[in-house]
Amino acid sequence: MNKNETLRAALDSGRLFTAMAAHNPLAAVLAQEAGFDGIWGSGFELSASYAVPDANILSMGAHLEMMRAIASVVTVPLIADIDTGFGNAVNVHYVVPQYEAAGASAIVMEDKTFPKDTSLRAGGRQELVRIEEFQGKIAAAADARKDKRFVVVARVEALIAGLGQDEAIRRGLAYEEAGADAILIHSKQKTPDEILAFARAWPGKTPLVLVPTAYPQLTEADIAALGKVGVVIYGNHAIRAAVGAMRKVFAQIRAEGGLRQVDAALPSVAEIIALQGDEAMRKVEARYLR
Ligand code: SPV
Ligand code: MG
């Protein structure tokens, strides 16, 4: 099965597909190694790795090139976060084939205005586009893909914007009607209640996608038991793990004035060389260097 078929088959099977965020190819390789079913090509993580806000400060090109680099080093499907689609439905029509050509197996597009503000920040600007406008963007994404197995996920930000359950359900159903293969419903409430209420009330046929960053109490077993969720995305745990690990090691080296204590606790240089794909390069070397 190719990557698109793998993701489609998982969605059709009803089994929960797990995707871990990555901000670079190395993080994606580590996520695959850990056993996640796929990679989340997170805009938040990539923005953080450039130390800029997740508010369309980075160009589409920067994100697209990172997706290409990630897709080229993993065998699991990549779900690309295309924010609001970098413009209107016309832009989306041009953007989606580029993500497909870069090796993504899915895009997630959110129904906010461009430029967006990040969803989980307290007090962020959360303005939504008209339902009809976003239906046009979803239809453009679905029609523009070359492989019909490429997955188009519509992301509903009504709960993030504080517009309530009825508006969230209305939008989810409208996007399903426009051709979305799955509906990502996002919440920044610190308990899962809001998401559980949405999932239980969801009358649509398409599977849901959850991002349980704000409500980490909800486990994969809880999510699977809802029977309506196809994908769980761990939205920012690669960058947070990296930040925590770097801070700790940097502080230790400063405090101890050197590497003597810290070195043994770190992955070896040989491990990093292996992660760089050294084995494959040595085979090429042996065959062609004369
Ligand atoms: C991302 O990871 O870029 C997301 C998820 O879109 S969130 O940051 O929770 O909005
Ligand atoms: Mg994002």
Query - All lysines inside 26 Å of LYS137 as judged from Cα atoms, apart from same-chain residues fewer than 8 positions distant - result: LYS3, LYS112, LYS116, LYS146, LYS148, LYS188, LYS205, LYS228
Query raised in the report: GLN252 to GLU33: FRET efficiency via 1/(1 + (r/R0)^6), r the Cβ-Cβ distance, R0 25 Å, to the nearest 0.05?
Result: 0.45
Report task. Quote the relative contact order of region 108-243 in percent (integer), defining contacts as alpha-carbon pairs under 8 Å separated by 6+ residues. Result -> 20
Report task. Would you work out the relative contact order for the chain, in percent, from Cα pairs under 8 angstrom that are 6 or more residues apart? Result -> 18
Query raised in the report: Between VAL269 and ASN2, what FRET efficiency comes out of the Förster formula 1/(1 + (r/R0)^6) with R0 = 35 Å and r the beta carbon distance, rounded to 0.05?
Result: 0.50
Query raised in the report: To the nearest 10 Å², what's TRP40's accessible area with a 1.4 Å probe?
Result: 10
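How large is the accessible surface per residue of the chain, computed with a 1.4 Å probe and reported in Å² as a whole number?
Working: 14000 Å² over 290 residues.
Result: 48 Å² per residue.
Is the C-alpha gyration tensor of region 1-158 telling us rounded, prolate or oblate? Criteria: a/c under 1.5 is rounded; beyond that, a/b larger than b/c is prolate, otherwise oblate. Display every interim value, and only then the final one.
Numbers: a/c = 1.61, a/b = 1.20, b/c = 1.34.
Here region 1-158 falls in the oblate category.
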Query raised in the report: Where q = 0.13, 0.23, 0.26, 0.28 Å⁻¹, what log10 of I(q)/I(0) comes from the Debye formula for region 231-281, counting one point per Cα?
Result: -0.49, -0.93, -0.97, -1.01
Query raised in the report: Percent relative contact order of region 37-119, based on C-alpha pairs within less than 8 angstrom and at least six residues apart?
Result: 36
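Could you calculate the FRET efficiency of ARG240 with ALA9 from 1/(1 + (r/R0)^6), where r is the beta carbon distance between them and R0 is 35 Å, rounded to 0.05? Could you put the intermediate results ahead of the total?
Values: r = 31 Å, r/R0 = 0.87.
After rounding, the FRET efficiency stands at 0.70.
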Report task. List the equivalent ellipsoid semi-axes of region 127-237 in whole Å, largest first, each obtained as the square root of 5λ for an eigenvalue λ of the Cα gyration tensor. Result -> 23, 16, 12
Requested in this report: Would you kindly find the accessible area of TYR50, with a 1.4 Å probe and non-protein molecules such as ligands, DNA and RNA excluded, rounding to the nearest 10 Å²?
Outcome: 120
Query raised in the report: What is the magnitude of the charge dipole of the chain about its Cα centre, with +1 placed on the Cβ of each Lys and Arg, -1 on the Cβ of each Asp and Glu, and no other charges, expressed in debye to the nearest 20?
Result: 400
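LEU163 to LYS205: extension gain in nm, 0.36 nm per residue of separation minus the Cα-Cα distance?
Using 0.36 nm per residue and subtracting the Cα-Cα distance, I get 12.9 nm.
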Report task. Residues in region 12-47, backbone N under 13 Å from the label point at LEU259 (7 Å along the Cα-to-beta-carbon vector): list them, ranges by number please. Result -> none
Query raised in the report: Measuring from centroid to centroid over Cα atoms, what is the spacing of region 132-173 and region 239-281 in Å?
Result: 41
Query raised in the report: Once Lys and Arg get +1 and Asp and Glu get -1 on their Cβ, which of LEU159, LEU196, VAL209 lies farthest toward the positive end of the dipole of region 137-215?
Result: VAL209
Query raised in the report: So between GLU279 and GLN189, what do we pick up on full extension, going 0.36 nm a residue minus the alpha carbon distance?
Result: 27.8 nm
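The values are calculated or read from the model by the stated rules, or taken from the named source; none is laboratory data. Just so it is clear, the structure is predicted and the values come from calculations on it, not from any experiment. Don't worry about glycine lacking a Cβ; one is built from the backbone with ideal geometry, like all the others, and counts go over all protein chains shown. Ligands, DNA and RNA are excluded from the accessible area calculation, which covers all protein heavy atoms including side chains. Shrake-Rupley method; radii C 1.70, N 1.55, O 1.52, S 1.80 Å.
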